[in-house]
Amino acid sequence: MLILFSDTFDPSLPGKLQKFGETTEDAARLPDADVILIRSKTKATKEFLEKAKNLKLIIRGGVGLDNVDAAYAKSRGIIVKNTPEASSVAVAELAVAMMIASCNRLIDAHNSMREGKWLKKEIKRTELFQKTLGLIGAGRIGTEVAKRAAAFGMRVVAYDPLVKSSPSMEILRSVDEVLAAADYISLHVPLTDETKGMINKAAIAKMKKGVVIVNTARGKAVVEEDVAAALASGQIGTYCSDVFYQEPPEGSPLLKAPNVILAPHIGASSKENLLRIGVQVEQLIGDFSKGKLK
């Protein structure tokens with residue numbers, strides 16, 4: 001069995017997988033690979049998969065599968081798996097960290113200090129305490145965010161078409177209800193026809209003025225031009241994002257917009273999470289080698 005690492009995983013993982021066969025990071029060996037391991041960088045399109053003549057299993061280390069042409073893979077009999085349980089804590093902690101950085105204006109405080117300024121009176125903080133956090137998506141990651149927000153004394157409301165009740169949050173009947181109620185909005189949705197561009201001019205108009213939006217889900221869930229315009233007008237107070245319409249986000253209007261906190265898609269890149277992903281990958285390949293994976 002030839003296992004191709006197409007993206008970056010924990011450095012210990014190749015050694016752990018050698019009991020199943022040969023491991024390689026040589027992209028030129030794509031046509032011979034039985035198993036391909038990807039994360040978010042590799043786009044397993046039809047064109048990519050067509051080159052993998054021997055492929056039987058592709059594992060996406062992470063939650064979503066929107067960077068995999070699953071329909072084409074199925075037509076080829078290629079098994080497609082991901083590691084949805086692994087990344088919840090890492091992504092949730094980044095989402096909450098962005099909220100904390102926003103209300104405490106940590107970026108402004110840090111940058112002003114580096115510039116030799118002492119803006120003790122000018123930098124005004126706010127608190128998460130007694131604010132309303134609106135989650136769009138109440139799955140594994142959204143639930144972990146809700147638990148952490150509750151520790152700060154926040155009210156947590158959410159909308160998810162697949163979730164009718166939750167001990168961690170109040171489930172509302174529509175996205176619009178969440179948008180209207182929230183001081184902070186955190187996105188935790190997969191990329192689908194329904195979620196693509198869901199945060200647009202019309203949706204932003206339904207939000208409280210000065211709302212903080214956190215996006216650790218999918219860059220294409222927002223219309224970047226509409227978000228940038230709302231930041232300029234003050235309708236959105238701060239936009240925090242780890243994901244972008246195009247990555248790297250060359251030419252994105254967000255790069256020059258005011259009041260943004262941006263990160264280069266590092267939500268699932270914690271040391272601990274890469275180890276958890278590795279454990280799940282090892283289990284999946286072990287099951288595959290025994291003929292137990294479907």
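Readers should treat all values here as calculations from the given coordinates under stated rules, not as data from a laboratory. Fair warning: this is a prediction, and the values are worked out from it, not measured in the lab. Methodologically, a virtual Cβ is constructed for each residue, glycine included, from the backbone with ideal geometry; neighbour enumeration extends over all protein chains shown.
So, R0 is 30 Å and r is the distance between the beta-carbons of M113 and E170; what FRET efficiency does that work out to, to 0.05?
Working: r = 39 Å, r/R0 = 1.31.
Efficiency for this residue pair is about 0.15.
Please state the charge dipole magnitude for the chain, taken about the Cα centre, from unit charges on C-beta atoms (+1 on K and R, -1 on D and E), reported in debye and rounded to the nearest 20. Let's see the in-between values first.
Details: 41 positive and 34 negative charges, 89 e Å.
About 420 debye.
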**Message:** At a 10 Å Cβ-Cβ cut-off, how would you order I107, I213, fewest neighbours first?
**Reply:** I107, I213
**Prompt:** Summing +1 for each Lys or Arg and -1 for each Asp or Glu, what net charge is found among the other residues whose Cβ lies under 13 Å from the Cβ of A150?
**Reply:** +2
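Kyte-Doolittle mean at least 1.6 and Cα extent at least 18 Å along the axis: which DSSP H helices of the chain qualify?
On the way: long enough: 88-104 (24 Å, 1.62); 271-289 (27 Å, 0.03).
Both cut-offs are met by 88-104.
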**Item:** Projected label distance in nm at L293 and A71, using a 7 Å step from Cα toward the beta-carbon
**Value:** 2.4 nm
**Cβ-Cβ FRET estimate between I79 and Q130, R0 fixed at 35 Å, reported to 0.05** = 0.15
**Item:** the chain: most fluctuating residue of V214, V222, V91 per GNM, C-alpha cutoff 10 Å
**Value:** V222
**Asked** Just going by the charge dipole of the chain, with Lys and Arg at +1 and Asp and Glu at -1 on Cβ, which of W118, A230, Q246 is farthest out on the positive end?
**Response** W118
**Prompt:** Where the centre of each part is set by its Cα atoms, how far does segment 88-134 sit from segment 215-294, in angstrom?
**Reply:** 19 Å
**Request:** Decide, for segment 212-294, between rounded, prolate and oblate: order the square roots of the alpha carbon gyration tensor eigenvalues as a ≥ b ≥ c, take rounded if a/c falls under 1.5, and otherwise choose prolate if a/b is larger than b/c, else oblate.
**Result:** prolate
**Low-density loop positions, GluC sites (Glu not before Pro), segment 205-294 - DSSP coil, at most 13 other Cβ in 10 Å** = E250
**Request:** With label points built 7 Å along Cα→Cβ from the Cα atoms of A28 and L275, find their separation and express it in nm.
**Result:** 3.6 nm
**Message:** Give the residue list of trypsin sites (Lys or Arg not before Pro) in segment 251-290 that are DSSP loop and have at most 15 other beta-carbon atoms within 10 angstrom.
**Reply:** K290
**Request:** Would you calculate the separation in nanometres between label points at K256 and Q18, each defined as 7 Å from the Cα along the Cα-to-beta-carbon direction?
**Result:** 5.1 nm
**Listed peptides 124-131, 16-23 by packing density, highest first (mean Cβ within 10 Å)** = 16-23, 124-131
